[in-house]
Amino acid sequence: MERQNVPAARKWRLEDIFESEAAWEALYAEVEGELDFSSYEGRLTDADTVLACLTALNRVVEKLQRLEVYAYMRHDEDTRASEPVALLSRASTLEMTLAANTAFITPELTALPTEVLESFACDPRLAEFDYTLRSLIKEKPHVLSREMEELLAQGSRVFDGYHEVFTALDNADFPYPTVRVDGENVTVTHGTYGVLLRHPDRRVRRRVFEAYYKAYIGLINTITATYVGNVDKDVFLAKARKYESCLTKALASEDVDVQVYENLLASVEKGLPLLHRYFRNRKRILGMRTMHMYDIHTPLVEGAELELDYEEAFALVKRGLAPLGERYAALLDEAHDNGWIDVEETEGKRSGAYSLSVYGLPHPYVLLNYQKTTNDIFTIAHELGHAMHSYHSEHSQPQEKASYRIFVAEVASTVNEILLIRHLLATTEDKKLKKYLLSYYMDTLKSTLFRQTQFAEFEYIAHGMAERGEPLTKDSLCDAYLVLNKKYYGDAVVSDPEIAYEWARIPHFYRAFYVYKYATGIVSAVSIAERILTEGAPAVEDYFRFLSSGGSNDPVSLLRLAGVDLTRMDAFDACMASFEDALAQFETLE
C-alpha cells in the first residue's frame, strides 16, 4: 500500500510537531544561535550560575530533540526518501556541537566539594535538578582528574569499536547460509532464522539450526577476540573509575542496587525446576522421544491465532486495559482519534513498532505495521503502554525529571500485555484458545524472564573470569555457556553442541549487563498487574504515581511507588508463581 492511500485517521500527525518544513528550518536557525555556553565555563561555583546554565541547556535540548524527532519520524514514514535523512544529519551535527560545547559542565560540578553540591541539591531554586545533583555526588568518587577524563573521552571511539566490529561481522560480513525448505532454496537471515525454527518439518528445523550455527563457528576466532576485547575494556574502565566490579559500574550508571541483579539470579535459579517441567510437558505434547534445541520453538497449539482487523483489535485492547480506569481509557481514545498512531504497513515504511516521545511535544507517537495476528494485537497494547508512561511523566515532571531510565522502560508496556492476556483468559470459554493464550504467556516468560537471565548469568560469569585474571578463550566461553544452557533447559532438552556458540551471536553482550533489565521489567510488570487485578483502585492510583514519576528518583525507588521492591524477593517470587499457575492451568486443559 502507498502512504497516500492510507486514511488520515490511521496516520500519525506530524504537523502537531511542525506545521511545515519552514517551521523546522526556523527552529533550526534559532538553535544554531544558542549553542555557545562559553560564558558559563569556569563559573559553575554558585547556585545562580548553575541554575542559569542548566536551564539554558535544557531549553536548547528541548528544541533540538523536537528537530530530531520530526526528522526521524519523517524518515520512518518512507526510508527511501533522502530529505528526512538530510534533516536528521543536520540536527545530529547540532547535537554534537552542543555536546562538545557543554562537556565542561559535569567535570566542573563534580570537582566541587560534596557539601557545595549538597547545598545546591537542597536549594529550592534548583529543585528541578536535585536528583541530577545527588547523582553527581554519588559519581564523585569515580570521577578522575580533568586530564584523565579528557583522555578517557578521547578513547570513547576505541572503546565503542568492539561493538562496531561485531555489528559489521554479524551483518555485512556474515555468511548467511542457504537451506532447502519446501522444495526451494531459502537464505537463513537473522530475521528468518526464528521463523524457520517454527517450521512443522523437524528436518527443516535441524538443517536451519545447524547451518546457522556453522556460520558462527566459522567466525568464532574473530568473534571471540572481539568479545574478549570488549570484556577487557569493561574491566579496564571499572578499575580506572575505582568501581568494585564491572557489574557495580554498569548498575551505577542507572543508579540500581546490585542486590537487584543478585535477586534475579537467585530467583531464577530457584525457579528452574518449573522451567524444566514446562519443557517436559512440551516434549510430551509434541510426542518427541528426544527434544533438541531446534524443537523448543514449535507451537504447542495450532489454529488458535486471533485474526482481528485494526479497529476490532484496538477495541479489544481497550477492554483488556479497563482495570486501569476511565482516565486511562480516555487517553486511549485520544491516541486513537487524534494522530498519535501510524497504523498501516506502507511502501518504504520502517518495519517493526515503537513508541517515541520527548519533552515538549503535545503527545507521544506510536509506529505500527499492523497485521491480523495475535502478536500484533499485543503490540498495540505494548506500544501504548510506552506512550502512556511517557505522557504521564512528561505532563507531571519538569524537563530534567521527565525521562525515565531504561531500567523501567519496559514495565508499563508489559503491564498492558499482562492485563490484556488476563482479560482474554477470563472471558473466553474456548478451550483451544485458552490453551493457546496460556502457551503464549508461558513463552513470554520463558523468553523474557528465563532466557534473558541466562544471558545475564553468562555475562556475570565471563566478567568474573576476566576480573580474576582467568583466560577468556573460545573454549572457556563455549564451555561456560554450554554448562549454563544445560542448567537452564534441563534433561528434557538435548543441549546440542552448536548451542555452546550461542553467546557469539548476542549483540546485547557488547553493552554489558543490559539484558537483565528485560527480566526485571517483566518481574515488576507481573507484580503490578496482579496487584491491580486483586486490589483495584488503590493499586491503580499507586501505578499512576509510578507512571507520573519519570526520572525523579532512582528507578528501584520509583517502582516502590507501584508496590514493587526489587531489593526483596517478593516480586520475583510472585512472577515465578504466575508462571507456575499458567503451567498448572495448561496441564489441566490437556
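The values are calculated or read from the model by the stated rules, or taken from the named source; none is laboratory data. No experiment lies behind these values; they were computed from the predicted model shown. Cβ sites come from the backbone with ideal geometry, for glycine too, and all protein chains shown count toward neighbours. Side chains are part of the model used for accessible areas, which takes the heavy atoms of the whole protein and leaves out ligands, DNA and RNA. Shrake-Rupley method; radii C 1.70, N 1.55, O 1.52, S 1.80 Å.
Hey, what did region 237-355 get for relative contact order, percent, Cα under 8 Å, at least 6 apart?
Normalised by residue count, the contact order of region 237-355 is 8 percent.
Put 3, 327, 468 in order of accessible area, largest first, 1.4 Å probe: what do you get?
468, 327, 3
Express the relative contact order of the chain as a whole percentage, based on alpha carbon pairs under 8 Å and six or more residues apart in sequence.
18
Helix-derived [θ] at 222 nm for the chain: sum -39500 (n - 2.57) over DSSP H runs of at least 4, divide by residue count, nearest 500?
When only DSSP H runs of four or more count, the value is -19500 deg cm²/dmol.
Positive end of the dipole of region 431-473, charges at C-beta (+1 Lys, Arg; -1 Asp, Glu), about the Cα centre: which of 450, 466, 436 has its Cα farthest in that direction?
Toward the positive end, the furthest listed residue is 436.
Rounded if a/c is under 1.5, else prolate if a/b is larger than b/c, else oblate: which is region 98-170, with a ≥ b ≥ c the root eigenvalues of its Cα gyration tensor?
Verdict is prolate for region 98-170.
Between residue 85 and residue 123, 0.36 nm times their residue separation minus their Cα-Cα distance comes to what?
Gain in length upon complete extension: 9.4 nm.
For region 498-590, rounded, prolate or oblate, judged on the Cα gyration tensor with a ≥ b ≥ c (square roots of eigenvalues), a/c < 1.5 rounded, else prolate if a/b > b/c?
In terms of gyration-tensor shape, oblate.
Mind checking the full-extension length gain between residue 201 and residue 265? Use 0.36 nm per residue of separation minus the Cα-Cα distance, one decimal, nm.
Going from the current span to full extension adds 19.5 nm.
Where does the Debye-calculated log10 I(q)/I(0) of region 7-86 sit at q = 0.11, 0.24 Å⁻¹, using only Cα point scatterers of equal weight, no solvent?
Rounded to two decimals, the profile gives -0.43, -1.13.
Run the accessible area of the chain with a 1.4 Å probe and give the carbon-and-sulfur part as a rounded percent.
Ligands and nucleic acids excluded, carbon and sulfur give 51 percent.
Would you work out the relative contact order for region 376-436, in percent, from Cα pairs under 8 angstrom that are 6 or more residues apart?
Relative contact order, region 376-436: 40 percent.
List the GluC sites (Glu not before Pro) in region 391-450 that DSSP assigns to loop (not H, G, I, E or B) and whose Cβ has at most 16 other Cβ atoms within 10 Å. Which are they?
Within region 391-450, the qualifying GluC sites (Glu not before Pro) (loop, at most 16 other Cβ atoms within 10 Å) are 429.
Could you do me a favour and compute the accessible area per residue for region 475-555, 1.4 Å probe, result in Å²?
For region 475-555, the per-residue accessible area is 33 Å².
Counting Lys and Arg as +1 and Asp and Glu as -1, each charge on the Cβ, what is the dipole of region 1-152 about the Cα centre in debye, to the nearest 20?
440
Along its principal axes, what span do the Cα atoms of region 360-465 show, with the longest given first and each in whole Å?
Extents along the principal axes, in whole Å: 50, 48, 24.
Under 17 Å from a point placed 7 Å out from the Cα of residue 47 along the Cα-to-Cβ direction: which residues of region 106-136 have their backbone N that close?
113-134
Which of the chymotrypsin sites (Phe, Trp or Tyr not before Pro) found in region 265-330 are loop residues per DSSP with 11 or fewer other Cβ atoms within 10 Å of their Cβ?
Those that pass, being in a loop and sparsely packed, number zero.
Please give the solvent-accessible surface of residue 92 in Å², to the nearest 10, using a probe radius of 1.4 Å with every protein chain present.
Rounded to the nearest 10, the figure is 40 Å².
Ranked by accessible surface with a 1.4 Å probe, highest first, in what order do 93, 248 come?
Largest accessible area first, the list is 93, 248.
Using a/c under 1.5 as the rounded threshold, could you call region 176-283 rounded, prolate or oblate? The axes a ≥ b ≥ c are square roots of the C-alpha gyration tensor eigenvalues, and prolate needs a/b larger than b/c, oblate otherwise.
Verdict is oblate for region 176-283.
Kindly report, to the nearest 10 Å², the accessible surface of residue 257 as traced by a 1.4 Å probe over protein heavy atoms only.
Counting only protein heavy atoms, residue 257 exposes about 80 Å² to solvent.
Output the pairs from 138/233; 233/474; 349/446; 249/487 with a Cα-Cα distance over 21 Å in this structure; if there are none, say none.
Over 21 Å Cα-Cα: 138/233; 349/446; 249/487.
Which GluC sites (Glu not before Pro) does region 307-343 hold that lie in a coil by DSSP with at most 13 other beta carbons within 10 Å?
Filter output for region 307-343: 307.
To the nearest 20 debye, what charge dipole does the chain have about its Cα centre, counting +1 at the Cβ of each Lys and Arg and -1 at the Cβ of each Asp and Glu?
Here the chain has a charge dipole of around 2260 debye.
Which value, in Å² and to the nearest 10, is the accessible area of residue 393 when all protein chains are kept and the probe is 1.4 Å?
0
What residue among 320, 299, 243 has its Cα farthest toward the positive end of the dipole of region 239-322, where the charges are +1 on Lys, Arg and -1 on Asp, Glu, each on the Cβ?
243
Can you tell me the Rg and Dmax of the chain, counting just the alpha carbons, in angstroms?
Cα radius of gyration and Dmax of the chain are 25.0, 74 Å respectively.
I'd like to check one number: the per residue accessible area of region 363-451, probe 1.4 Å, reported in Å² as a whole number.
Per residue, region 363-451 has an accessible area of 32 Å².
Between residue 244 and residue 145, what's the calculated FRET efficiency when r is the beta-carbon distance and R0 is 25 Å? Round to 0.05.
Calculated transfer efficiency: 0.75.
For region 60-151, count the residues as N, evaluate 2.2 N^0.38 Å, and divide the Cα radius of gyration by that value, please.
Here the Cα radius of gyration is 1.48 times the empirical estimate.
When you have a sec, figure out the Kirkwood radius of region 473-549 from all distinct Cα pair distances and drop it here in Å to one decimal?
Value: 15.7 Å, from the Cα pair sum.
Taking 0.36 nm per residue of sequence separation and subtracting the Cα-Cα distance, how much length would be gained by fully extending the chain between residue 461 and residue 35, in nm to one decimal?
Stretched out fully, the residue 461 to residue 35 stretch lengthens by 148.9 nm.
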